[in-house]
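Below is one structure, written out as structure tokens, with a few remarks after it.
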Amino acid sequence: MIRKSSNEWALILGASSGFGAATARELARHGYNILGVHLDRQATMPAVHALIREIEALDRKAIFYNENAADERKRHKILDEFTEQYHREGQAEVKVLMHSLAFGTLRPLVGRNDSEMIKKTQLEMTLDVMANSMVYWTQDLVRRELLAHGGRIFAMTSDGANLNLPFYGAISAAKAALESYIRQLAIELGPRGITCNALLAGVTETPALSKIPGARNMLYAAKAKNPFNRATVPEDVARAIIALLQPGTEFINGNTIGVDGGESKISYVGQKTPYQYADLTLLNESSWDPTDVS
Ligand SMILES: NC(=O)c1ccc[n+]([C@@H]2O[C@H](COP(=O)([O-])OP(=O)(O)OC[C@H]3O[C@@H](n4cnc5c(N)ncnc54)[C@H](O)[C@@H]3O)[C@@H](O)[C@H]2O)c1
């Protein structure tokens, strides 16, 4: 485990749950202080407090804000307070920015009637929280000179950026935009020694997943086709981020990197390996007639 100096911070947007929380834990174990932004109701706050205690038990700082990360005024307030308390006299630098916000409208773009149709405000809010906010946080970190040379930006994406799911139109567009922003930021921040990558996680059991219609079936299908015979867990992403923080990894830049065991590359469903096809004669090329569709 690499022990970091006590002034290295990770800013995690969506730090209280799922990928963000797992990454906060893992980064704290590796010596990073955590500046976390999340949006929780009272019912889930005990878990947030438990996470903060866990990080502090590792002798790291955990500064968490229960605020809307897409609110411009809140963003300025959080970064002003951070600059004032920790950055002053060079006492803090942000080495990691992780965008892991799950907050969007799951509705058809057109639907069966007018009442089902996604509204302009819902579409714009989804794009704003799940994609544009990453640009604004990055801009403000750069403006304030908080992002360290050698810094890393990670944005959570899904194969929904390229594939279709019912009700996922707005989020799908946000993921496509997020991946595009990452590529563009990689060009612009490379000269500052900062890398940007999108991490494409497989279907993962989190509160966000449970809100997608058909989530149980998605999880079932993911497990059925994943070469590792299991679904992705948040810790898979946390460990990938630790790997991408190692010195010498700065040429891994501007990518969408799968952290899904290969799941998103597999188009068939229900067979864990090709050998589980019912009819193994299909594997025998001489007996395979591609024109036979019976
Ligand atoms: N779960 C999956 O199957 C899966 C797969 C691939 C990618 N992703 C992506 O990973 C990211 C995180 O998802 P997750 O599954 O860990 O979800 P999650 O529900 O476990 O966590 C979401 C986090 O975002 C925070 N949040 C939501 N809206 C916010 C706002 N406006 N301001 C501040 N904080 C806010 C929540 O408080 C929470 O900390 C999302 O972008 C999601 O699309 C999820």
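Structure values in brief
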quantity	calculated
Among residues of segment 1-36, those that are among the aliphatic types (A, V, I, L, M), touching a Gly at 6+ places or on another chain (Cβ under 7 Å) and away from the ligand (no atom under 14 Å from the Cβ), counted	1
Single unsatisfied condition, residue 273 versus (1) at pLDDT 95 or above; (2) more than 26 Å from residue 107 (Cα to Cα); (3) of a type in the set (Ser, Thr, Tyr)	(1)
Residues satisfying the stated conditions in segment 184-193, i.e. under 16 Å from residue 137 (Cα atoms) and either surrounded by 15 or more Cβ atoms within 10 Å (Cβ to Cβ) or under 13 Å from the mean Cα position of the chain (by Cα) (or both)	185, 186, 189
Given (1) among the β-branched types (Val, Ile, Thr); (2) within 23 Å of residue 188 (Cα to Cα); (3) surrounded by fewer than 18 Cβ atoms within 10 Å (Cβ to Cβ), index of the condition residue 121 fails	(2)
Any chance residue 104 is under 30 Å from residue 217 (Cα atoms), within 16 Å of the ligand (Cβ to nearest atom), out of contact with any strand residue (DSSP E or B) (no Cβ under 9 Å at 6 or more places or on another chain) and of a type outside the set (Ser, Thr, Tyr)	yes
Among (1) near the ligand (Cβ under 10 Å from one of its atoms); (2) free of Cβ contacts under 8 Å to residues at least 12 places away in the same chain; (3) among the hydrophobic types (A, V, I, L, M, F, W, C) - the single one residue 110 does not satisfy	(1)
Qualifying residue in segment 93-100 (condition: surrounded by fewer than 19 Cβ atoms within 10 Å (Cβ to Cβ) and either closer than 30 Å to residue 213 by Cβ or out of contact with any Phe, Trp or Tyr (no Cβ under 8 Å at 6 or more places or on another chain) (or both))	no
Test: residue 216 is among the basic types (Lys, Arg), at pLDDT below 95 and either under 28 Å from residue 9 (Cβ atoms) or surrounded by fewer than 18 Cβ atoms within 10 Å (Cβ to Cβ) (or both)	yes
Residue in segment 93-103 that is farther than 26 Å from residue 25 by Cβ and not in a strand (DSSP E or B) present	no
Single residue of segment 127-141 satisfying the filter (among the hydrophobic types (A, V, I, L, M, F, W, C) and away from the ligand (no atom under 14 Å from the Cβ)) that is surrounded by the most Cβ atoms within 10 Å (Cβ to Cβ)	141
Qualifying residue in segment 168-181 (condition: surrounded by fewer than 17 Cβ atoms within 10 Å (Cβ to Cβ), out of contact with any His (no Cβ under 6 Å at 6 or more places or on another chain) and in contact (Cβ under 8 Å) with a residue 40 or more places away in the chain)	no
Lone unmet requirement of (1) crowded, with 16+ Cβ neighbours inside 10 Å; (2) closer than 19 Å to residue 232 by Cβ for residue 162	(1)
Within segment 37-73, tally of residues that are free of Cβ contacts under 8 Å to residues at least 12 places away in the same chain, within 15 Å of the ligand (Cβ to nearest atom) and assigned to a helix (DSSP H, G or I)	6
Residue check for residue 91: within 30 Å of residue 247 (Cβ to Cβ), away from the ligand (no atom under 11 Å from the Cβ) and polar (S, T, N, Q)	yes
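A quick yes/no check of all residues on (1) among the aliphatic types (A, V, I, L, M); (2) within 11 Å of the ligand (Cβ to nearest atom); (3) in contact with a strand residue (DSSP E or B) (Cβ under 9 Å, 6 or more places away or on another chain):
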| site | (1), (2), (3) |
| --- | --- |
| 117 | yes, no, no |
| 125 | yes, yes, no |
| 143 | no, no, no |
| 150 | no, no, yes |
| 157 | no, yes, yes |
| 163 | yes, no, no |
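The values are calculated or read from the model by the stated rules, or taken from the named source; none is laboratory data. All values derive from a computational prediction rather than experimental measurement. Note that we place each Cβ from the backbone using ideal geometry, even for glycine, and neighbour counts take in every protein chain shown.
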